Structures are given as C-alpha cells and as structure tokens.
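Asks: Got a structure for you, written out below as structure tokens; questions coming shortly.
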Amino acid sequence: MAEGASFLKAVELRLLRCSLFHPPSPPPPVAHPLIESLVDSIEQGRYADVLCSSEATQLLVGFADSWEFDESTEGASWFYDEVERSIDRFLRRDSEAWLQVLNDGGGDDSDVEFRYALVMCLGVAALLAFTQQNVTGPVGNYSPFPVLIRGKDWPVNGETQWDVWAQNQLTSIGCGLLGKFSLLQFGCKYIIYAKILLSKLWDLSKAGMDTGIIGCRTTSWWLCRLTLLQQRILDELSSSLYGLLKIFRDETLLHFGKSENIMDYWGSMSCNEEASMITSMAYLEAAILEYKYGRVDNSRSYLDSAEKACGLHLFLTGALGFRTTHQVDAKAQMILISETDHQNQGSGSPIDSSQAQVNGHASDNNGDPNTNGHHDCSDILRRPRLVENDKDDQVSNVSRNVALTAMQQAVVLAQCLHLKRRSREDELSRWEMAPYIEAIDAQQQSCFTIRNFCDLLRIGWESTRSRTKQRALLMMDKVVEGVKADSPVVAKRIQFSYGVYVPAIPALRKEYGEILVSCGLIGEALKIFEDLELWDNLIYCYRLLDKKAAAVDLINARLLVMPTEPKLWCSLGDVTNNDAYYEKALEVSDNKSVRAKRSLARSAYNRKDYETSKILWEAAMAQNSFYPEGWFALGFAALKAGDYEKALDGFTQTVLFDPDNGDAWNNIACLHLKKKKTKEAFIAFKEALKFKRNRWELWANYSKVAFDIGNIGQALEAIKKVLELHGNKGIDVELLDKIMEKIEEKSAQPVVTSDEDSTPENSREIDFLVGMIGNILQLAIRGGGSEGLWGLYARWHKIKGDLLMCKEALLKQIRSYQGSDMWHDAERFKLFAHASLQLCQVCMEIALSTGNRSELAWAERHLSNTIKQAVDFSGTDEYRDLKNCLDKVQNQ
C-alpha cells in the first residue's frame, strides 16, 4: 500500500507542478502506463489528448457510447447525472470496465490509487483546458464536448440546448456570466465536467472511502482554484461560492501551509526550495481569494505569510531621479527595495530558471528605463532614472540588486491588489502601486502570466493619466493580441496563472473596450461590447452617441434569437424604463434573475411603494448576499416602510461588507437612538464620523448621544466641530445648558485628594471641561451671541469667579430680551425676569465683596423700572420674585 500511495502522490506533485514550474530534475516516475501518458500530456499542455483518451473515457463513462442523446436541456441534465453516477461507481470499483481491468491482472493494492489518479488527471485536464481557452490563451482546437463519444455528431440545436443547461448551472447561484466566453458551446461544459470529477473525488475522500489512501490532499486545492475561477467569470460576487471557497482554502492551508507538512507528504520527491514555493503559492492564492471578496485584513495576513514563505523582504524608500525624458532637475522618487534570504545576483533560483523567459512582451524595453520600447508615444519614462551618489551620469534601475524568482515576482505584484483594495481609487493610491510595478518591470526574466499581469497593472495606472493614456491603449492592444498568439506555448502560459489575478479573456476585452471609450474610440468599443454581448456597456456607448433607439433595436434583434436570456430583458428594461421587461426576465429565468428583482425593487421604491421594495430586496439578497448596495437599499426601504428591525439588519450587513460606509453607520446610530440604545448609538456615530467628518448634523447628533452616556468631553468636542462647520445656526443652546448644569454640579462637589498627590482628583477634569465650554462660548459669541448664549457665558464667568464679566454678560442677555414686544409676551417676560434676578444677585455679591454700594443702587433702579413696566404681569410668580428681590436689595 505504501508503494501505491507513493504512486498517487507522484501524480499529485507532477500535476501541481504544471501550474507552478517545470523543475530541471526528472519528474517522479508513475508506475501505470496510462496514468504516465495522461500526466505527460498535461505537463506538455496537450489537455485535449487527455480528455479524448479512449481508454480513460471507456473506464469512466463507458455508457456514453450507447446513450440515446436527447438534445433538450432535460437530456443534458440526465446525461450529467449519469456521468456523476458512473464516476461514483468507478471510484467504488463497481463499473464493468474496471472489473475487466482487474480480471486482466490489476493488483488490488494499487486499484484505489489508479482510480483516484485517473479521475484527478481528467478533472485537472478539464480545468486547465477551460483556463487555457478563457484566461491564458491561446484558444485551442477542442471538441465541443469534454467527453469523447464515438460516432456522435453534435447538431447545432443540440449544442444550443445543452449550452443553455450548462450556463444555467453556472448562473444558478444568482449571478450572470461576465460576457460571452470563448467557444461557449463547450466552455461551460468543461468546467462543469471538471467540477463533477474533482468534487466526487473530494467527497469520497472526506467520507473516509478506502481509508488506506493517504494521498489526494491536492484535490481541495484544485477545487479552490476551480471555484475561484467560476467566481471570476461571473459578473457579481456570490455568497454561496465564498462559503465553498473558505472550506477548500482552509483545508488547503491545513495541508500545505507549512513546508514541513509538504516535506512529510512528498518526502524525497520534493525539496526544501520547492516546499517553500508551494507554501508561498498556497498563501498567495488565499490572499487573492480574500482580495476578490474585499476581505482586506485577511488578504494582508495571507500576503504576509506568502512573502515570508518565499524568503522575500520588501520596503519602500526614496531616491533622487528623473521621471520624464526632458526633466532637468532630479526629484524625489519612491522606489521598492527587495531583499531575499538568498540573494539571487543575476539569475533566478534553480526552480524558476527553466520557466523564465526574456522580458519581451507588451512592456518591451530591453531593461533600459530610458527607452519606451515600441510605446515611445509618451515622454514619461516607464521607470524612474535614478541618480546615484549625486552624479547625474551614474544611474541605477529600481531593482538593481537582486533578481527575483517567479514566485517572488508574483508576491510583489500581489501587493498592488492590497493597495487597491485598502484605500479608495485615486491618484495617490495609483502612485503607491508604481514602485511595485516598476520593480517587476526591471526584472530581466519573467514568465508569461506574471509579465501580463504586470502590464495590466501598469495599463490600469497609466490609462488614468492624460500624458500616458495613449501608451496604455497601445499596451492593452498588444496584451489582447498576445493572448491570441501561439507563443509561448500553453504549458508556459499555465504556470502561475492561479497565482496572479489575471482577468478572464472576456473581462480583459471589456477593459480594452472601456479604455477605447475613455480615448473617444467609441466605434471600436461598440464592436467589442457587441461581440461579448455586454449589453449594458453597449447601451452606454449608444447613449454617448445619442443613439438610444439603436440600442433598443439591437436588443430586440438579439431577443428574437435568444428569447430566454434574462440579461437581455433586463437591459431592455433599463433602456426603456419599463418594469414589464424585468417581470419577463423573472419569468424566463424561473424567478432566479437577481438583477430583475433588484431593478423591480428600485422601481417600487421610486414609486414610494416601500413595502413592496423591501420584499423584493429581501428576495434578491436571500439569493445572493454579496451586494453591499443591495443591503443598504434594503435598509432604506425597510426604514421608509417602518420596519426598523429589518432596516437595522440591512444597514448592519452593509457595514460588514463595506466598513467605510459612513451613511450606513449614521443610519445604524439613528435606529439605535429610536430604540433608546444610547451606547450602541454612540459607537455607531463614532464610526460614521470617521468617514463623514464634514457633516455638521452628524456631529450634532453625536454630541447629544455623548452627553446622554455621560461623556461630557466628547459632547463638547462635537459641539465645537458643529460650530466650526455650521456656525451659530447649528449650536444647541439647550444641550449647552444641560452641560453647564453638570459642570456646575461638579464644581459644587467637595474636593477629593489622593494620598500621593495633593492636587484634587476632580479638579483637572473640571478645569478641562470649564476651559472647553468657555472656548466654545467665546467662539459662538464672536459669531453673534443670542440671549441663551449670553446667559451661559455669564454662568461660565461665575464658575471662573469673575463676577464683573458675569455682570457684563447678563446685561447683554437682558438687552437682548428687551424690546417693545417683551411687555406683551408672557414667555419672553419670564426669561427677562430670570435674567434680571440673576443680574441683581451678582450685583449684591459684588457689593458684599467690594463694599461698593453703587452696584446695589444700580440693581434697585433696574428692578424698580422693571416692576413699573410689568404691571400687566402682576399676577405671575416672576413679578412677585422681582418685588421680593427689590426688597432684599433695599435692605442691604
């Protein structure tokens, strides 16, 4: 059994190497001639030979030769169900063909390993064939069907119906395909076939079938790659696929997350350098997965692990250099310094050297940063020309000190993905990516896929700059043409294709079309979008050309050919603004079109039918939850409909996907306020203000909540911010009055001192709060004080012990109240009376402390005049209080 296990492990290792590199040493031998031929074909990129192997097909799906094919979608479903059952029987040693193999002398000890290896070879070949056709290129000459069936001629109608079934299988999770994929009549069927093979192998291994097997650990890794590839060809993120990806990722890292585990598993078939590369690749692919789903922290963590595993150390620094051909003075340039555990001076590691190729793709420059190669339409250098030792004639390129291996180059470029995701898309973030792109551009050797990815990152950066946009367009044209070219061969292109985030060919062409639009070449872009069946982009272009009717005619023409395509009906609904077409999309998709549900939900919201909008958004998000805008819209619809619990759920889900959404945090805070949960509201407002710092309404609400939970300092900070943003109009005098009362209470409390420090413990807090509120009041009064502000200002001076300034503030408050209408307004008279009483009380305190009776005389005159004029309010308590105060002043 040990020999059989080694046989299966050798197959696993050789298949995994196909996606990484071709080692210079001979591959581990495989005992069985059929498996050896299949693995050899995969290593050479001849995937069609593997899938068309008559012996392998007879063993797995021998029933197909006698199958009566039904050209309907039901027939496709029945056929693939039978394929799955046949594979299951084969793995469980139930098939007649396999029994014949045993009768011909196959040993029972190696039976299990052979069957698992055969299924793995076919599954990997189908996956790599799909990758070649739709990601790396060039498009090969493959059969329309992944299973070899003798004597079967596929009619056009039959292909179309089976295509519909295959496409429905990929989009049944609620997402559509991102454009038309290469040779669609077989493309979807190939990835489905690979998924059936690898999933069945993984299921049986997990279920404990044939417990003598130690191998098949790489199955979860291939399934992770397949599932992520399926996500990459879809137009939206899928929550169900992410759930599967996490399972496969965790199992992959469990087996391959440490070099020791790899050496224990493959033993002498591998080496330490290879084990480190495999570990680094496992973490790198995990980082790309998390990047795709916007999990920034997880992506960063896996990226750090990948960097450590491949022995790479990166840091940014600055140096003087020239960025343009005509630049006279050197300016500071940001550059990337790469260091490795084993410095590779001028050559790659032994593992990588055999698969590296000379820098000769879209970025042709022969290693000279002063030339732009074939793209000399810009005076901006591709890499800065650096000055060394302050001498203009001594230059160095960005990564002059080390030649990076392909694995290390992939890790460097992955840093750009993290930089793009962690911050908003702007000019600064693009310049932060520049040193990483330029570092790989400086490498003399890179494999095809890594070079392509580097070029695409540069194109994305330079297409946003007017001085380099034309060069970016030329580069993109060459990248697209390079995917179609015959050189390099398929086996070279597949290497590292899962370790970099290269878009699928339709997505690549879509990006090309968008660059053409940005350059004003709308006619050329129209051809690309129509060929890819990207109707939304097509409609956008026609609108730019003011040809909306042409877009409607084109969609109607396509509907005659594809009447059951929900995306077409939705696009027609978008361009005509007619809900009937969205309802038709739901009908033809058997109520599975998430896009139609979202469009109907938005339409219902615009009609103010909030309850219907909420129900439709719930249905859409239940089908595919990876849509942050949908959760926000659900929360708003539920809020308008009065369903506060559902609204809170919607906004909470929004911030889980997009923690930078300040509006969602604000809505969460307001909903918590409605539920009287002030602590939760305080936290949510604090998060909202990180992203909406210029919204004075947010600061005003935050100040109230901060006061409610007893955080007076934060409340005062928020009030000051309101004053800065909105002036006195945003000042909440009532809240300031409550804060002043709290400060007065704290000031009146007995002083508490500690044994170690004679300074009162509460004195520092009181001084801090008094200083803050005084600063706020002074700023507010400079902007034009109101009656309430002058009263608060007077109370603040009294706390400070400045009775003269307190008197001045109270005088201004009283004068603010005075007017012809005061003697006919009971409420205004009450406020005036309270201010007068406070003023007279201050006058008596001043007279008592200084002995100056002029203050008493002034208070007596003021009270006498007030009482005379307030005869209309003689029955009020305030009038009686004024008379009592007059008596008290006269008796002083």
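Asks: Report every pair of residues separated by at least 6 positions or lying on different chains whose Cβ atoms are under 8 Å apart, first residue within segment 788-805 and at negative phi, second outside any helix (DSSP H, G or I) and open to solvent by less than 50 Å² (accessible area, probe 1.4 Å).
Replies: As it stands, the answer is Leu789/Ile731; Tyr793/Gly785, since those pairs meet every condition given.
Asks: Let me ask you something else. Conditions: (1) closer than 25 Å to Val296 by Cα; (2) of a type outside the set (A, V, I, L, M); (3) modelled with pLDDT under 95. Lys674 meets all but one. Number of the miss?
Replies: All conditions pass for Lys674, except number (1).
Asks: Out of Ile668, Ile709, I need the residue that is among the β-branched types (Val, Ile, Thr) and open to solvent by 40 Å² or more (accessible area, probe 1.4 Å). Which one? Please lay out each step first, then the result.
Replies: Details: Ile668 fails: open to solvent by 40 Å² or more (accessible area, probe 1.4 Å).
Result: Ile709 is the single residue among Ile668, Ile709 that is among the β-branched types (Val, Ile, Thr) and open to solvent by 40 Å² or more (accessible area, probe 1.4 Å).
Asks: Does segment 292-317 hold any residues that are closer than 30 Å to Ile380 by Cβ and either assigned to a helix (DSSP H, G or I) or open to solvent by 60 Å² or more (accessible area, probe 1.4 Å) (or both), and which are they? It would help to see each step written out before you state the result.
Replies: Let us first name the residues in segment 292-317 that are closer than 30 Å to Ile380 by Cβ, namely 303, 307, 312-317.
Within segment 292-317, Leu303, Glu307, His313, Phe315, Leu316 meet the criteria.
Asks: Quick check: anything in segment 470-481 open to solvent by less than 10 Å² (accessible area, probe 1.4 Å) and among the acidic types (Asp, Glu)?
Replies: Checking segment 470-481: not a single residue is open to solvent by less than 10 Å² (accessible area, probe 1.4 Å) and among the acidic types (Asp, Glu).
Asks: Next question, about the same structure. Inspect segment 320-331 for any residue being crowded, with 21+ Cβ neighbours inside 10 Å and not hydroxyl-bearing (Ser, Thr, Tyr) and give the result as yes or no. Please lay out each step first, then the result.
Replies: Kept after step one, since they are crowded, with 21+ Cβ neighbours inside 10 Å, are these residues of segment 320-331: 321-322.
Adding the requirement that they be not hydroxyl-bearing (Ser, Thr, Tyr) leaves 321-322.
Scanning segment 320-331 turns up at least one residue that is crowded, with 21+ Cβ neighbours inside 10 Å and not hydroxyl-bearing (Ser, Thr, Tyr).
Asks: Still on this structure, I have one more. Count, please, the residues in segment 272-291 that happen to be open to solvent by less than 50 Å² (accessible area, probe 1.4 Å) and either in contact with a His (Cβ under 9 Å, 6 or more places away or on another chain) or over 11 Å from Met407 (Cα atoms) (or both). Step through it out loud before you land on a result.
Replies: Filtering segment 272-291 for residues open to solvent by less than 50 Å² (accessible area, probe 1.4 Å) gives 274-291.
Checking the rest, the ones that are also either in contact with a His (Cβ under 9 Å, 6 or more places away or on another chain) or over 11 Å from Met407 (Cα atoms) (or both) come to 275, 282-283, 285-291.
Result for segment 272-291: 10.
Asks: Got at least one residue in segment 854-876 being at positive phi and out of contact with any helix residue (DSSP H, G or I) (no Cβ under 9 Å at 6 or more places or on another chain)?
Replies: No, segment 854-876 has no match at all.
Asks: While we're on this one: Filter segment 435-466 down to the residues that are of a type in the set (Gly, Ala, Ser) and surrounded by fewer than 23 Cβ atoms within 10 Å (Cβ to Cβ) and list them by number.
Replies: We begin by selecting, within segment 435-466, every residue of a type in the set (Gly, Ala, Ser); these are 439, 442, 446, 460, 463, 466.
Answer for segment 435-466, where residues must be of a type in the set (Gly, Ala, Ser) and surrounded by fewer than 23 Cβ atoms within 10 Å (Cβ to Cβ): Gly460, Ser463, Ser466.
Asks: Look at Leu831 and say whether it is open to solvent by 60 Å² or more (accessible area, probe 1.4 Å), in contact with an Asp or Glu (Cβ under 9 Å, 6 or more places away or on another chain) and not hydroxyl-bearing (Ser, Thr, Tyr).
Replies: Numbers: open to solvent by 60 Å² or more (accessible area, probe 1.4 Å): yes; in contact with an Asp or Glu (Cβ under 9 Å, 6 or more places away or on another chain): yes; not hydroxyl-bearing (Ser, Thr, Tyr): yes.
Against the criterion (open to solvent by 60 Å² or more (accessible area, probe 1.4 Å), in contact with an Asp or Glu (Cβ under 9 Å, 6 or more places away or on another chain) and not hydroxyl-bearing (Ser, Thr, Tyr)), Leu831 qualifies.
Asks: Sticking with this structure for a sec: Of the conditions (1) outside any loop (DSSP other than H, G, I, E, B); (2) at pLDDT below 95; (3) more than 17 Å from the chain's Cα centre (by Cα), Ile668 fails just one. Which one is it?
Replies: Of the numbered conditions (1) outside any loop (DSSP other than H, G, I, E, B); (2) at pLDDT below 95; (3) more than 17 Å from the chain's Cα centre (by Cα), the odd one out for Ile668 is (2).
Asks: Continuing with this model, one more query. Filter segment 848-875 down to residues that are open to solvent by 40 Å² or more (accessible area, probe 1.4 Å) and hydroxyl-bearing (Ser, Thr, Tyr), then give me how many there are.
Replies: Matching residues across segment 848-875 total 4.
Asks: If you don't mind, another one. Please tell me if Leu184 is at pLDDT below 80, in contact with a strand residue (DSSP E or B) (Cβ under 9 Å, 6 or more places away or on another chain) and open to solvent by 30 Å² or more (accessible area, probe 1.4 Å). Please lay out each step first, then the result.
Replies: Values: at pLDDT below 80: yes; in contact with a strand residue (DSSP E or B) (Cβ under 9 Å, 6 or more places away or on another chain): yes; open to solvent by 30 Å² or more (accessible area, probe 1.4 Å): yes.
Considered against the rule, which asks whether it is at pLDDT below 80, in contact with a strand residue (DSSP E or B) (Cβ under 9 Å, 6 or more places away or on another chain) and open to solvent by 30 Å² or more (accessible area, probe 1.4 Å), Leu184 comes out as yes.
Asks: Something else about it: Regarding segment 610-630, can at least one residue be identified that is touching a helix residue (DSSP H, G or I) at 6+ places or on another chain (Cβ under 6 Å), assigned to a helix (DSSP H, G or I) and over 27 Å from Asn667 (Cβ atoms)?
Replies: Of segment 610-630, the ones touching a helix residue (DSSP H, G or I) at 6+ places or on another chain (Cβ under 6 Å) are 610-614, 616-617, 619-621, 623-626, 628, 630.
Still in the running and assigned to a helix (DSSP H, G or I): 610-614, 616-617, 619-621, 623, 628, 630.
Right, trim to over 27 Å from Asn667 (Cβ atoms) and you get none.
No - not one qualifying residue is present in segment 610-630.
Asks: For segment 601-627, name all the residues that are closer than 24 Å to Leu177 by Cβ and open to solvent by 20 Å² or more (accessible area, probe 1.4 Å). Don't jump to the end; show me each part of the working.
Replies: In the first step, residues of segment 601-627 are kept if they are closer than 24 Å to Leu177 by Cβ; the result is 601-602, 616-617, 619-627.
Selection gives Arg602, Leu616, Ala619, Ala622, Gln623, Ser625, Tyr627.
Asks: Scan the helices (runs of 4 or more DSSP H) fully inside segment 486-584 and keep the ones with 3 or more residues being at pLDDT 95 or above and more than 30 Å from Leu417 (Cα to Cα).
Replies: Working: elements: 490-494, 505-518, 522-532, 535-544, 548-561, 566-576.
Fully inside segment 486-584 and qualifying: nothing.
Asks: Determine which single condition Leu837 fails, assuming it passes every other condition in (1) without any contact (Cβ under 8 Å) to a residue 40 or more places away in the chain; (2) closer than 21 Å to Leu803 by Cβ; (3) among the aliphatic types (A, V, I, L, M).
Replies: (1)
Asks: Which one of these is more than 27 Å from Ser338 (Cα to Cα) and either touching a residue at least 60 places away in the same chain (Cβ under 8 Å) or out of contact with any strand residue (DSSP E or B) (no Cβ under 6 Å at 6 or more places or on another chain) (or both): Val500, Val517? Step through it out loud before you land on a result.
Replies: Values: Val500 fails: more than 27 Å from Ser338 (Cα to Cα).
So the residue among Val500, Val517 that is more than 27 Å from Ser338 (Cα to Cα) and either touching a residue at least 60 places away in the same chain (Cβ under 8 Å) or out of contact with any strand residue (DSSP E or B) (no Cβ under 6 Å at 6 or more places or on another chain) (or both) is Val517.
Asks: While we're here: Please list, ordered by residue number, the helices (runs of 4 or more DSSP H) wholly in segment 36-119 having 2 or more residues that are at pLDDT below 90.
Replies: Values: elements: 47-51, 54-61, 73-91, 96-103.
Passing ranges, in order: 54-61, 73-91, 96-103.
Asks: Please enumerate the residues belonging to segment 803-816 that are within 24 Å of Ala847 (Cβ to Cβ) and open to solvent by less than 60 Å² (accessible area, probe 1.4 Å). Before the answer, list the steps.
Replies: At the first step, the residues of segment 803-816 found to be within 24 Å of Ala847 (Cβ to Cβ) are 803-815.
Correct list: Leu803, Cys806, Lys807, Ala809, Leu810, Leu811, Gln813, Ile814.
Asks: So, in segment 631-647, exactly how many residues are assigned to a helix (DSSP H, G or I), in contact (Cβ under 8 Å) with a residue 12 or more places away in the chain and either among the acidic types (Asp, Glu) or open to solvent by 20 Å² or more (accessible area, probe 1.4 Å) (or both)?
Replies: First, pick out the residues of segment 631-647 that are assigned to a helix (DSSP H, G or I): 631-641, 644-647.
Restricting the remaining residues to those that are in contact (Cβ under 8 Å) with a residue 12 or more places away in the chain gives 631-641, 644, 646-647.
Now drop any that are not either among the acidic types (Asp, Glu) or open to solvent by 20 Å² or more (accessible area, probe 1.4 Å) (or both), which leaves 631-633, 636, 639-641, 644, 646.
Matching residues across segment 631-647 total 9.
Asks: How many residues are open to solvent by less than 30 Å² (accessible area, probe 1.4 Å) and touching an Asp or Glu at 6+ places or on another chain (Cβ under 9 Å) when one looks only at segment 518-533?
Replies: 2
The values are calculated or read from the model by the stated rules, or taken from the named source; none is laboratory data. Every value quoted in this text rests on a predicted model; they were computed, and no experiment measured them. Neighbour counts run over all protein chains shown; Cβ positions are idealised from the backbone, glycine included. Note: areas computed on protein heavy atoms with side chains; ligands, DNA, RNA excluded. Shrake-Rupley method; radii C 1.70, N 1.55, O 1.52, S 1.80 Å.
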